[in-house]
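Heads up, the thing below is written out as structure tokens.
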Amino acid sequence: MAERITGHTELIGLMAYPIRHSSSPAMQNEAFAKLGLDYAYLAFEVDNDSLEDAVKGLRALKMKGSNVSMPNKTVVHKYLDKLSPAAEMCGAVNTIVNEDGVLTGHITDGIGYMEALKDNHIDVIGKKMTIVGAGGAATAIEIQAALDGVKEMSIFNVKDKFWGNAEETVRKINENTECRAALYDLADLELLKKEIANSYLFANATGMGMKPLEGKTYIPDKSFLRPDLIVTDVVYFPRETALLKIAKEVGCKTMNGLGMMLFQGSAAFELWTGQPMPIEYMKEILD
Ligand code: NAD
């Protein structure tokens, strides 16, 4: 890395806390190096208290942009000049782009999920999906899927602190897109089974299946799935969650969260550099 830093090198940041575990710096710097682009990507420990100063710093240093992760995703919009339509609807930002001093907030998580579907030759546009989740990942996917043209969406969640967020998401989708969305309680498993039965795709967008819920799923048995159903998970560690294991046993086409992670980074990369990430090369590195 030191060998390729010059006086012209553009800086891109990642503002979050905790953040030292993130794989984004390795991923983005590998991609810059592969394409010979003169950028460097560094992680900065920034929480809500230091966020405003950090964004001022980004402006003052004329940084090209930054990724933003927890706990800053739903707060950083206060310090930016513009938001993309998806970021506005999600109420969250994971990517800042600095264009001549104008800071625009984008959310690329949902784009990442939709691009990962395309990459797996899965076409959900004009069709119905059932999705479980009302947190950050789920909201980004639900909004982007609706904006991209999914026809009908059944959203399930447990009645926890995220329930109100899911109600807001359903309202925004129904008011602002052609997609028809509805919200149901995940406790009603008979209804979940019925909604999955007439969906093209079923998605888990919660941490179910990942530590501390590793090995667990809310799908009680194989009768909830069928061979021609697509089943996706946002979790990528482990690569195969309990849900994806059952789905594979039934014969469903499956997709884990690795593609979403790669393509959300790729979308941000393209916003900063104007060039697509070398996806096939990145897949080799990530696997
Ligand atoms: P979050 O905390 O914002 O949301 C948590 C969600 O899980 C809520 O819908 C909540 O109701 C639900 N939940 C919590 N406990 C539950 C339980 N016992 N049963 C059923 N539902 C439960 O989290 P998030 O940021 O949306 O992340 C969710 C998952 O998505 C995590 O596993 C995270 O690693 C993954 N993720 C993946 C990517 C990717 O690129 N693949 C990106 C972001 C997040």
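Condition first: crowded, with 22+ Cβ neighbours inside 10 Å and touching a Leu at 6+ places or on another chain (Cβ under 9 Å). Now tell me which residues in region 115-133 satisfy that. Talk me through it step by step, then tell me what you get.
To start, the set of residues in region 115-133 that are crowded, with 22+ Cβ neighbours inside 10 Å comprises 116-117, 124, 129-133.
Of everything in region 115-133, those that are crowded, with 22+ Cβ neighbours inside 10 Å and touching a Leu at 6+ places or on another chain (Cβ under 9 Å) turn out to be Ala116, Leu117, Val124, Met129, Thr130, Ile131, Val132.
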Over region 1-29, the set of residues within 20 Å of Ile285 (Cβ to Cβ) and surrounded by fewer than 17 Cβ atoms within 10 Å (Cβ to Cβ) is Met1, Glu3, Arg4, Arg20, His21, Ser22, Ser23, Ala26
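When you check Ala138 against the structure, is it within 16 Å of the ligand (Cβ to nearest atom), part of a helix (DSSP H, G or I), under 28 Å from Leu42 (Cβ atoms) and of a type in the set (A, V, I, L, M, F, W, C), yes or no? Explain how you work it out, then say what you get.
Working: within 16 Å of the ligand (Cβ to nearest atom): yes; part of a helix (DSSP H, G or I): yes; under 28 Å from Leu42 (Cβ atoms): no; of a type in the set (A, V, I, L, M, F, W, C): yes.
So Ala138 fails the test.
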Could you tell me whether region 278-286 includes any residue that is more than 11 Å from the ligand (Cβ to nearest atom), hydroxyl-bearing (Ser, Thr, Tyr) and in contact with a helix residue (DSSP H, G or I) (Cβ under 7 Å, 6 or more places away or on another chain)? yes
Can you confirm whether region 225-246 contains a residue that is among the polar types (S, T, N, Q) and away from the ligand (no atom under 13 Å from the Cβ)? no
Close pairs (6 angstrom Cβ cut-off, 6 or more residues apart or separate chains): within 12 Å of Glu30 (Cβ to Cβ) in region 266-287, loosely packed, with under 14 Cβ neighbours inside 10 Å anywhere: Pro278/Lys34; Tyr281/Lys34
Cβ pairs under 8 Å, 6+ apart or interchain, first in region 152-170 and in contact (Cβ under 8 Å) with a residue 12 or more places away in the chain, second within 9 Å of the ligand (Cβ to nearest atom) and assigned to a strand (DSSP E or B), ordered by first then second residue, are Ile155/Val132; Phe156/Val132; Asn157/Val132; Trp163/Asn157; Ala166/Asn157
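If you check Leu51, Leu37, which single one turns out to be buried (at least 20 other Cβ atoms within 10 Å of the Cβ), outside any strand (DSSP E or B), modelled with pLDDT of 95 or more and among the hydrophobic types (A, V, I, L, M, F, W, C)? Walk me through how you get there before you give the answer.
On the way: Leu37 fails: buried (at least 20 other Cβ atoms within 10 Å of the Cβ).
The match here is Leu51.
Go through Asp49, Asp100, Asp109 for me and flag whichever is acidic (Asp, Glu) and over 27 Å from Asn165 (Cβ atoms).
Asp100
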Could you grab me the full set of residues in region 125-135 that are near the ligand (Cβ under 8 Å from one of its atoms) and among the hydrophobic types (A, V, I, L, M, F, W, C)? Val132, Ala134
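Checking the conditions here, which among Met89, Met70 is under 25 Å from Glu168 (Cα atoms) and either in contact with a strand residue (DSSP E or B) (Cβ under 7 Å, 6 or more places away or on another chain) or part of a loop (DSSP other than H, G, I, E, B) (or both)?
Numbers: Met89 fails: either in contact with a strand residue (DSSP E or B) (Cβ under 7 Å, 6 or more places away or on another chain) or part of a loop (DSSP other than H, G, I, E, B) (or both).
Being under 25 Å from Glu168 (Cα atoms) and either in contact with a strand residue (DSSP E or B) (Cβ under 7 Å, 6 or more places away or on another chain) or part of a loop (DSSP other than H, G, I, E, B) (or both) holds for just one of Met89, Met70, which is Met70.
When you look at Asn198, is it in contact (Cβ under 8 Å) with a residue 24 or more places away in the chain and crowded, with 18+ Cβ neighbours inside 10 Å, yes or no?
On the way: in contact (Cβ under 8 Å) with a residue 24 or more places away in the chain: yes; crowded, with 18+ Cβ neighbours inside 10 Å: no.
Taking the combined requirement at face value, the residue does not satisfy it.
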Got at least one residue in region 147-161 being part of a helix (DSSP H, G or I), small (Gly, Ala, Ser) and either under 21 Å from Ser199 (Cα atoms) or within 15 Å of the ligand (Cβ to nearest atom) (or both)? no
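Is region 183-201 home to any residue that is under 27 Å from Leu262 (Cβ atoms) and within 19 Å of the chain's Cα centre (by Cα)? Quick ask: steps written out before the conclusion?
Restricting attention to region 183-201, the residues satisfying the condition of being under 27 Å from Leu262 (Cβ atoms) are 196, 199-201.
Narrowing further to those that are within 19 Å of the chain's Cα centre (by Cα): 201.
Within region 183-201, one or more residues are under 27 Å from Leu262 (Cβ atoms) and within 19 Å of the chain's Cα centre (by Cα).
The values are calculated or read from the model by the stated rules, or taken from the named source; none is laboratory data. Since we're looking at a predicted model, the values are computed, not measured. Don't worry about glycine lacking a Cβ; one is built from the backbone with ideal geometry, like all the others, and counts go over all protein chains shown.
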